[in-house]
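Report on the structure given below.
The values are calculated or read from the model by the stated rules, or taken from the named source; none is laboratory data. The structure presented is a predicted model; accordingly, all values stated were derived computationally and were not measured. Because the Cβ atoms are built from the backbone with ideal geometry, glycine has one as well, and the counts that use them run over all protein chains shown. SASA here: full protein model, heavy atoms, side chains in, ligands and nucleic acids out. Shrake-Rupley method; radii C 1.70, N 1.55, O 1.52, S 1.80 Å.
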Amino acid sequence: MSLTIEAANGVGAYISNVDLQSIQPEDIARLRNALGEYGVLFFREQSLTPEAHIEFARAFGNININRFFKPTDTHPEIAEVRKEAHQANNIGEQWHTDHSYDQEPALGSILVARELPSTGGDTVFSSMFAAYDGLPANVKTRIDRLTATHSSRHAFGPEAYSDDDKDDFSGRLGNTTKATQDAVHPVAIVHPISGKRAIYVNPDFTVRVNELSEGDSRSLLDYLYEHCQHEQFTHRFQWQSGSVAFWDNRATWHKALNDYPGQARLMHRITVEGERLH
Ligand code: SIN
């Protein structure tokens with residue numbers, strides 16, 4: 001039976017009749033197009049070994065080894081998104097799109113559930129295609145001409161952590177001295193796969209809109225951030241054992257809910273290299 005694609009509410013698509021452990025080349029092409037169309041792909045009941053996770057990611061591009069996340073002990077290509085039962089903070093709680101601080105931001109990430117809490121720990125995605133389409137015409141015209149600066153400094157640099165957070169994140173996030181990346185991208189990009197327009201600013205990494213005063217930049221970003229979170233653009237993905245999500249950073253935001261105190265959660269993430277955005 002051939003792979004099936006079913007649109008999810010808000011953003012994304014559920015993909016069935018596919019085994020990611022032994023994916024066929026024709027399915028890779030369909031998944032790449034689906035990523036450009038839907039922004040995030042959800043898979044259930046997979047049993048993906050770390051080696052097959054790496055092979056699947058490589059079918060979409062080179063692997064970006066994240067500078068700040070702890071890798072697994074056995075595979076440097078795989079970053080751990082980990083929260084232990086005694087830890088307060090999770091990783092990725094605020095709305096963001098990974099790697100927007102890079103000159104050539106990552107295409108996307110493939111997240112595999114390895115250890116889940118009994119309840120909670122969902123990931124929420126928002127469609128930046130739908131958010132762009134939902135803007136009034138005058139705002140579209142305005143942002144189509146603007147660029148924004150993104151940075152890793154405030155998010156992963158030494159100033160990112162209070163003393164308490166430093167202890168809490170110790171062993172999970174690090175390399176604060178490597179947080180030196182700044183990048184300028186259009187506020188609204190043309191998506192490299194689908195050619196559709198998408199909003200490309202996010203609360204975690206965007207620092208300011210370059211062509212505006214500090215105050216006007218803040219007002220525009222606040223307006224866009226509120227708009228992009230509207231429920232009609234979002235989908236809440238409930239993880240199960242065997243779940244995999246593959247999101248396109250140029251088409252979506254995501255945030256990981258931190259609602260499982262006293263329980264552990266471990267995900268394996270591989271990030272695929274992308275390209276300069278226009
Ligand atoms: C991330 O932001 O990359 C992690 C998302 C998650 O853990 O659900």
- Answer yes or no as to whether Ile189 is within 19 Å of Tyr132 (Cβ to Cβ) and open to solvent by less than 50 Å² (accessible area, probe 1.4 Å). yes
Expected output for the range 255-274 (first residue closer than 15 Å to Glu77 by Cβ and among the acidic types (Asp, Glu), partner part of a loop (DSSP other than H, G, I, E, B) and away from the ligand (no atom under 13 Å from the Cβ), Cβ below 8 Å, 6+ apart or cross-chain) is Glu273/Gly61; Glu273/Asn62; Glu273/Glu104; Glu273/Leu107
Looking across the range 71-85 at residues that are in contact (Cβ under 8 Å) with a residue 24 or more places away in the chain and more than 17 Å from the chain's Cα centre (by Cα), the single one that is most open to solvent (accessible area, probe 1.4 Å) is Thr74
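Results for (1) charged (D, E, K, R); (2) on the phi > 0 side of the Ramachandran plot, shown as yes or no for each residue.
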{"residue": "Leu107", "(1), (2)": "no, no"}
{"residue": "Gly121", "(1), (2)": "no, yes"}
{"residue": "Arg142", "(1), (2)": "yes, no"}
{"residue": "Arg145", "(1), (2)": "yes, no"}
{"residue": "Thr149", "(1), (2)": "no, no"}
{"residue": "Gly157", "(1), (2)": "no, no"}
{"residue": "Asn202", "(1), (2)": "no, no"}
Within the range 14-46, residues at pLDDT 95 or above and in a loop (DSSP other than H, G, I, E, B) come out as Asn17, Val18, Asp19, Gly39, Arg44, Glu45, Gln46
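Every residue, every condition in (1) within 16 Å of the ligand (Cβ to nearest atom); (2) modelled with pLDDT under 95; (3) surrounded by fewer than 17 Cβ atoms within 10 Å (Cβ to Cβ), yes or no:
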site: Leu220; (1), (2), (3): no, no, no
site: Gln232; (1), (2), (3): no, no, yes
site: His235; (1), (2), (3): yes, no, no
site: Gln238; (1), (2), (3): yes, no, yes
site: Asp248; (1), (2), (3): yes, no, no
site: His254; (1), (2), (3): yes, no, no
site: Asn258; (1), (2), (3): yes, no, no
site: Arg265; (1), (2), (3): yes, no, no
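Yes/no matrix, rows are residues, columns are (1) within 11 Å of the ligand (Cβ to nearest atom); (2) open to solvent by 10 Å² or more (accessible area, probe 1.4 Å); (3) closer than 22 Å to Asn258 by Cβ; (4) of a type in the set (Ser, Thr, Tyr):
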{"residue": "Trp95", "(1), (2), (3), (4)": "yes, yes, yes, no"}
{"residue": "His99", "(1), (2), (3), (4)": "yes, no, yes, no"}
{"residue": "Gln103", "(1), (2), (3), (4)": "no, yes, no, no"}
{"residue": "Gly108", "(1), (2), (3), (4)": "yes, no, no, no"}
{"residue": "Ala113", "(1), (2), (3), (4)": "yes, yes, yes, no"}
{"residue": "Thr119", "(1), (2), (3), (4)": "no, yes, yes, yes"}
{"residue": "Ser126", "(1), (2), (3), (4)": "no, no, yes, yes"}
{"residue": "Ala131", "(1), (2), (3), (4)": "no, no, no, no"}
Among strands (runs of 3 or more DSSP E) entirely inside the range 55-138, those with 1 or more residues being farther than 17 Å from Arg265 by Cβ and among the polar types (S, T, N, Q) are 123-127
